[in-house]
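The values are calculated or read from the model by the stated rules, or taken from the named source; none is laboratory data. Here the structure is a predicted model, which means the values were calculated and not measured. For neighbour counting, all protein chains shown are included, and Cβ atoms are generated from backbone atoms with ideal geometry for every residue, glycine included.
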Amino acid sequence: MAGASLLEVMIAVFVLAIGLLGIAALQAVALKNTNSSAGRSNAVMQSYAILDMMRANREAARAGQYDQGWLCEPIDVDPDTPASRVTADINLWVSQMQEAMGPSACGRIDCGADSCEVGVRWDDSRGTGGQADPQELETVSRL
């Protein structure tokens with residue numbers, strides 16, 4: 001039959017097209033999960049960054065001077081007076097966090113006598129397919 005080979009070619013092209021669509025969908029899911037993973041990695045790095053800043057200024061951290069509720073923008077400072085080391089550290093941390101994780105990134109700090117808890121919150125909508133899904137990471141460390 002002369003038309004049988006044409007039918008076989010069309011079926012082969014159809015099967016190949018379905019396979020390529022599957023590969024494209026797999027690539028889209030992998031890219032979405034990579035974005036979400038990058039956000040989590042940035043959150044870990046940012047929490048360790050502020051913990052290292054607090055270790056360099058241990059007495060102030062243990063005294064609770066770094067304690068902040070959820071902070072989503074740098075602390076306002078009077079331009080005529082220099083910022084304290086604590087305020088400068090917190091403002092640097094928030095700025096770096098938002099630069100790395102987007103403008104919706106927020107952080108909080110709660111220190112006790114021996115340990116500090118750092119929270120990082122960010123918008124993971126790129127990783128969840130556009131759904132508003134804020135993520136939080138809590139890190140507890142000794143000073």
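Only one entry in 61, 88, 113, 83 is farther than 19 Å from residue 38 by Cβ, of a type outside the set (D, E, K, R), outside any strand (DSSP E or B) and in contact with a Leu (Cβ under 6 Å, 6 or more places away or on another chain), namely 61.
Scanning segment 11-58 for residues that are at pLDDT 90 or above, more than 20 Å from residue 105 (Cβ to Cβ) and aliphatic (A, V, I, L, M) yields a total of 14. Search segment 119-141 for residues being within 14 Å of the chain's Cα centre (by Cα) and either under 21 Å from residue 58 (Cα atoms) or among the hydroxyl-bearing types (Ser, Thr, Tyr) (or both), and hand back the single one that is modelled with the lowest pLDDT. Result: 128. Screening the candidates 37, 5 for the property of being within 21 Å of the chain's Cα centre (by Cα), among the polar types (S, T, N, Q) and exposed (fewer than 12 other Cβ atoms within 10 Å of the Cβ) yields one hit, 37. Note on segment 40-63: residues that are more than 10 Å from the chain's Cα centre (by Cα) and among the hydroxyl-bearing types (Ser, Thr, Tyr) amount to 2.
Of the residues 8, 73, the single one that is modelled with pLDDT under 95, part of a helix (DSSP H, G or I) and acidic (Asp, Glu) is 8.
Suppose we filter 114, 78 for residues that are under 15 Å from residue 140 (Cβ atoms), modelled with pLDDT under 95 and acidic (Asp, Glu); which single one remains? After ruling out the rest, the residue left standing is 114. Name the residue that is surrounded by the most Cβ atoms within 10 Å (Cβ to Cβ), counting only residues in segment 76-97 that are within 14 Å of residue 46 (Cα to Cα) and either without any contact (Cβ under 8 Å) to a residue 24 or more places away in the chain or among the acidic types (Asp, Glu) (or both). The extreme case among them is 89.
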